[in-house]
1. Relative contact order of the chain, please, whole-number percent, based on alpha carbon pairs below 8 angstrom and at least 6 residues apart.
2. Rounding to the nearest 20 debye, state how big the charge dipole of the range 55-101 is about its Cα centre with +1 on each Lys and Arg Cβ and -1 on each Asp and Glu Cβ.
3. How much accessible area per residue does the chain have, counting only protein heavy atoms and a probe of 1.4 Å, in square angstrom?
4. Ranked by accessible surface with a 1.4 Å probe, highest first, in what order do Thr60, Thr46 come?
5. With springs only between Cα atoms under 10 Å, which of Gln36, Gln59, Gln26 fluctuates most in a Gaussian network model of the chain?
6. Starting from 0 in steps of 5 Å, tell me what percent of the Cα-Cα pairs of the range 48-113 lands in each bin.
7. Can you pick out the pairs among Lys28/Lys92; Lys28/Lys75; Lys29/Lys94; Lys29/Lys95; Lys28/Lys94; Lys71/Lys94 whose Cα atoms lie more than 23 Å from each other?
8. Assign unit charges at the C-beta atoms only (+1 for Lys and Arg, -1 for Asp and Glu), then state the dipole size of the chain relative to its Cα centre in Debye, rounded to the nearest 20.
Amino acid sequence: MQLVYNIVVFLHIVGAAMIVGIWIGQMKKPTVHPRQFDGAMLQLLTGIALMGLIPVLGQTIPRFADPDYVKLGVKFAVALAVGVLAFLGRRKYKKGADTGKGLAHGVGGLALLNVAIATLWQ
């Protein structure tokens with residue numbers, strides 16, 4: 001079960017890298033790329049999977065015995081916001097319309113905030 005958890009965490013990090021990496025790479029001309037939406041969906045799906053694995057892992061691994069559901073709830077809310085903004089940006093991108101700096105920075109900045117919450121909130 002630990003191997004499954006590690007694979008899901010790996011995919012979760014890949015999703016964050018897709019969002020934040022593209023955002024940083026396009027900092028001079030901010031836009032929302034369709035791959036950022038894919039990264040947001042990967043983050044949401046793997047995040048939900050990780051939350052589902054907590055009770056199973058809590059029975060065998062002590063560090064999972066007492067999860068912080070407030071932190072997980074905040075991360076989920078931020079991830080939903082990233083997903084919605086990335087969806088709106090992807091739609092505009094596919095139509096050839098300007099996504100705007102605010103939308104692009106909202107997607108990247110909120111994704112970066114979610115990484116900060118995951119790593120700094122103890």
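1. Working: 141 pairs, mean separation 41.2, N = 122.
Relative contact order, the chain: 34 percent.
2. With Lys and Arg at +1 and Asp and Glu at -1, about 460 debye.
3. On the way: 7130 Å² over 122 residues.
For the chain, the per-residue accessible area is 58 Å².
4. Working: Thr60 105, Thr46 10 Å².
If we order Thr60, Thr46 from most to least accessible, we get Thr60, Thr46.
5. Sorting by GNM fluctuation, first place goes to Gln59.
6. Values per bin, smallest distances first: 3, 16, 19, 16, 12, 10, 9, 7, 5, 2, 0.
7. Lys28/Lys75; Lys71/Lys94
8. Around 620 debye, computed over the chain.
The values are calculated or read from the model by the stated rules, or taken from the named source; none is laboratory data. These figures come from a predicted structure and were not determined experimentally. FYI the Cβ positions are ideal-geometry reconstructions off the backbone, even for glycines, and counts take in every protein chain you see. The protein model used for the area step is the full one, side chains on, heavy atoms only, and it has no ligands, DNA or RNA in it. Shrake-Rupley method; radii C 1.70, N 1.55, O 1.52, S 1.80 Å.
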